[in-house]
1. Once you have the Cα-Cα distance between residue 171 and residue 399, take 0.36 nm times their residue separation minus that, and quote the gain in nm to one decimal.
2. Under the 0.36 nm per residue contour assumption, what length would be gained going from the current alpha-carbon distance of residue 183 and residue 99 to full extension?
3. With a/c under 1.5 counting as rounded, go ahead and sort the stretch 333-418 into rounded, prolate or oblate using the C-alpha gyration tensor (a ≥ b ≥ c being the square roots of the eigenvalues; past the cut-off, prolate if a/b is larger than b/c, else oblate).
4. Could you tell me the distance between the Cα centroids of the stretch 341-405 and the stretch 84-133, to the nearest Å?
5. In what sequence, highest mean first, do 89-100, 328-339, 356-367 appear when ranked by Cβ atoms within 10 angstrom?
6. Taking a virtual spin label 7 Å from the Cα of residue 367 along the C-beta vector, which residues in the stretch 385-409 bring their backbone nitrogen under 15 Å of it?
7. What length, rounded to one decimal in nm, is gained on full extension from residue 135 through to residue 239, with 0.36 nm per residue of separation minus their alpha-carbon distance?
8. So for the pair residue 160, residue 120, with labels modelled 7 Å out along Cα→Cβ, what separation do we get in nm?
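FYI, it's all coordinate maths here, none of it is from the lab. For clarity, every value in this text was computed on a predicted model and none was experimentally measured. Here the Cβ positions follow ideal geometry from the backbone for every residue, glycine too, while neighbour counts run over all protein chains shown.
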């Protein structure tokens, strides 16, 4: 990172502020993650004042620098919203140019001072993106500096989205489609020249009529059924695992990894289960099932499932429901199973002996489990008003939710790399 001759100092955050940070994945055309937009509570809602937006930008940078790129972005690009104040005060130069995209908010006017700051960032090697872009002649100086242009597919008409790709794509600018919520929108955007895609289309199930689960994948559902029972039948679990080579491999690889730190090498299924204990076996089985059922789905879907599972588990203990922590973990794991399998959730839960509260929550029924799942998914999406409302109902400090989310994300990434 190249700093200024007199590096700016990031102003201290208000001690009373709520330090929420979330993220949204940004994919390329092959559905591989290119980066993440980092979201802060007051950076994305139009009714906040400019001062609040400046504080939001500073909070995102502070969280990004302290939480680390491994936890928040796994070393991929971080798209960070920048206000006018953030740009002209040169706070952006505190960020590593190799892993950050400077995202100029749509509210920033291209006056001489702002343009001078942006040109300096460009000279330093930063990638510059224009957020929620709608073309007007006054924004042409920004276009001349842009590497990426983001177009909101919920706000702009389909033909307008196409016209911007036709206009700016040939100039060498990479087009990014925002708020892509369905597979149809994803395909449309890709076909019209967009190269990056942001939204939750990857979390939505693509239902295929009469789609059956392949025989080998039934092993994963069988192991989930076995560990969902209140009293574990070790012989049954050993039999299922030993009949599926990939399950056996995943179990032995996991228990011999640094995550557990056992001193001796573990080379049998029964030995591994005995060392792990009932609760860890249940957790491992859920992780193995997600990895095994994922097939060709995006790896981000798997990572999100695991992060949700661990976050729900952590929140259960904070809510005084420590005995329900394992069921909360299962809730997170199953929350994206419809997208993983391409089947309706109602069909899936009918095939696995899930606890009743988990089953009801997955089907959208109102209960404590559903509240926790909503809390986690709203946090993922940066819907902070909804997060605040549910956290208040659950009598949880809002910073605790963020801490659980970051810990869950870090845990999922370590599992994914194990």
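1. On the way: separation 228, 0.36 × 228 = 82.08 nm, distance 4.35 nm.
Difference between extended and current length: 77.7 nm.
2. On the way: separation 84, 0.36 × 84 = 30.24 nm, distance 2.81 nm.
Full-extension gain reported as 27.4 nm.
3. On the way: a/c = 2.15, a/b = 1.28, b/c = 1.68.
Taking the square roots of the gyration eigenvalues as a ≥ b ≥ c, the stretch 333-418 is oblate.
4. 36 Å
5. On the way: 89-100: 18.2, 328-339: 25.2, 356-367: 16.5.
Highest mean packing first, the order is 328-339, 89-100, 356-367.
6. None, by backbone N distance to the label point.
7. Numbers: separation 104, 0.36 × 104 = 37.44 nm, distance 6.21 nm.
Roughly 31.2 nm would be gained on extension.
8. 3.4 nm
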